[in-house]
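Please treat every number below as a calculation from the coordinates, not as lab data. Just so we're clear, the structure is a prediction, and the values are computed from it rather than from any experiment. So basically every Cβ, Gly included, is an ideal-geometry build from the backbone, and we count neighbours across all protein chains shown.
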Amino acid sequence: MGVSKSDAIIIVGGGAFGLSTALHLSRKGYTNVAVFERDDHIPPRYSAANDLNKIVRAEYEDPFYTELTIQAIAEWKTPLFAPHFHQAGFLHCVSGDAPQKAIDTLNRFRASAERDAQIKPHVSSLDGEADIRQIAWQLDGPLPGWNGYFNRFDGYAHSANALAAVYRATQGAGVRFFLGEQGAVDEIVYVSTVNGRNCAGIRTKNGQFHSAALVIVAAGAGAGRLVPQLGQQVVAKSWSVAHVHLTDNETSRLRGIPVTYARDLGFFFEPDPKTNLLKLCPMGGGYINTDPKTGVSHSPGTLSDSAFIPEEDETQIRKLLAHTLPSLADRPLVKRSLCWFADTNDSDFIIDYVPDMGSSLMLLSGDSGHGFKMFPIVGSWVTDLLEASDDKQSLVRWRWKQPNAKAGQDWGGDVSWRLGASKELSSIMPRKASKL
Ligand SMILES: Cc1cc2nc3c(=O)[nH]c(=O)nc-3n(C[C@H](O)[C@H](O)[C@H](O)COP(=O)(O)OP(=O)(O)OC[C@H]3O[C@@H](n4cnc5c(N)ncnc54)[C@H](O)[C@@H]3O)c2cc1C
């Protein structure tokens with residue numbers, strides 16, 4: 001056990017993993033915790049979780065994550081989180097054109113849901129449009145060949161609002177926040193010791209040094225820049241997000257629809273009643289931004305580089321709408337962006353100390369695009385690790401892996417639920433208007 005309850009602990013990143021960690025540390029009585037976030041407000045615009053909604057579905061092909069999500073859902077129903085959790089159900093299908101890989105994945109998810117005694121009673125099969133309209137009459141499109149299942153145990157969380165709630169709660173509990181210029185961490189600072197080097201703290205963009213007994217890097221897709229030792233263990237990757245702006249009546253009509261997901265096309269959520277935005281995400285292999293010198297993918301430095309979606313994703317979103325809500329299929333898509341996350345090739349998180357640093361530097365990363373549902377419990381994994389008598393991550397799958405161990409593999413295809421290969425950001429960037 002490296003740190004005492006009064007030692008200085010710095011968390012880098014005020015997104016989902018960082019805020020959850022701040023919450024659990026303060027609940028466990030750690031009194032000297034500070035969060036450094038490069039944006040000047042929380043929810044931060046750079047956080048993958050700064051969004052209207054994220055799916056909270058319990059069935060995973062891997063029962064390990066199913067069990068964790070069941071725990072997380074129980075926490076989503078507690079007072080701090082409950083206002084942001086909506087157990088609207090998960091309508092999980094494939095369309096009639098789906099490739100075999102999507103069908104197989106759907107079937108494994110269904111089998112997982114039916115295997116679990118807690119989830120099973122909430123699951124029903126959907127065989128065609130009539131069954132689907134029994135669940136969501138509002139889906140008045142042709143739903144060609146759609147089939148799958150409905151799981152009432154699942155739903156979604158309003159992720160930006162959940163981040164804001166935990167920010168307020170932790171601030172109230174004495175966690176200090178450094179935002180914007182003061183919070184943007186430029187580098188991890190190391191000191192030499194007889195055993196090598198330890199982490200001594202951080203330096204922010206404005207040149208300030210902050211010392212700490214423990215630095216926890218929870219920087220999402222930005223982790224590789226701060227901890228280059230990560231190498232290709234983590235790949236900064238993005239997926240497209242876009243919205244349709246509805247009228248009040250349209251929002252009202254769609255109230256209560258489940259998360260609607262076609263594995264081969266994409267998914268959408270109940271519209272947000274405050275903004276009237278219907279959020280849509282296409283399915284695909286995602287986009288990476290590889291530095292040719294190192295072979296490591298980083299998220300772009302500015303938000304404007306991600307303020308678009310590629311044409312192929314727009315086409316797919318419109319196809320999804322044509323199948324389900326055809327009156328919206330030709331409407332403008334607004335608030336388009338690429339949303340960046342930290343991917344590992346086995347889709348496992350990394351919750352571990354950086355090796356050979358005397359337990360002074362911890363990394364929370366590799367959310368792999370499925371981490372937000374765990375928001376209420378992520379921080380408990382950190383306090384478990386802090387309290388481990390041997391300073392070791394007991395879960396092998398969450399340990400730091402040897403950098404470059406699996407370099408050169410196709411990161412899009414390794415995990416069965418990912419459909420399609422990743423493309424480089426440079427190949428999809430819209431051409432800038434000529435200045436001539
Ligand atoms: C399109 C999309 C859809 C998703 N859908 C789902 C879903 O349906 N269900 C689900 O469970 N999960 C989903 N996710 C994944 C979820 O959003 C992530 O798992 C989660 O946000 C990861 O949390 P994080 O804290 O690791 O990273 P983030 O939430 O991205 O936070 C990282 C924070 O670190 C800050 N930071 C980075 N570098 C620095 C620095 N140098 N100094 C200071 N601060 C820094 C950033 O500004 C950011 O605020 C989705 C992700 C994407 C992209």
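Descriptive notes on the structure:
- Protection proxy ranking for 178-186, 35-43, 15-23, 259-267, using the average of other Cβ atoms within 10 Å per residue and placing the highest first: 15-23, 259-267, 35-43, 178-186.
- For the chain, the longest principal axis of the Cα atoms and the long axis of helix 16-27 meet at an angle of about 60 degrees.
- Taking all pairs of distinct alpha-carbon atoms in segment 23-173, Kirkwood radius in angstrom: 17.6
- In segment 187-314, a dipole from Cβ-located charges (positive for Lys and Arg, negative for Asp and Glu) runs towards its positive end, and of Y287, I257, T275 it is Y287 whose Cα lies farthest in that direction.
- Cα extents of segment 113-222 along the three principal axes, largest first (Å): 67, 32, 30
- Proximal lysines to K401, defined as alpha-carbon separation beneath 25 angstrom and excluding residues fewer than eight positions away on the same chain: K237, K293, K373, K392, K423
- In the chain, helices alone account for a calculated mean residue ellipticity at 222 nm of -6500 deg cm²/dmol, with every DSSP H run of four or more residues adding -39,500 (n - 2.57).
- Measuring max minus min along each principal axis, the C-alpha atoms of the chain give extents of 69, 62, 41 Å (largest first).
- Under a 5 Å amide H cut-off, with hydrogens placed 1.01 Å from N, N276 pairs with nothing among residues at least 5 apart or on other chains.
- Convex hull volume per residue in cubic angstrom - Cα atoms of segment 237-296: 97
- Cα gyration tensor category, rounded, prolate or oblate, for segment 292-347 with a/c compared to 1.5: prolate
- Taking the three principal axes of the alpha carbon atoms in segment 1-101, the coordinate ranges are 57, 30, 28 Å, sorted in descending order.
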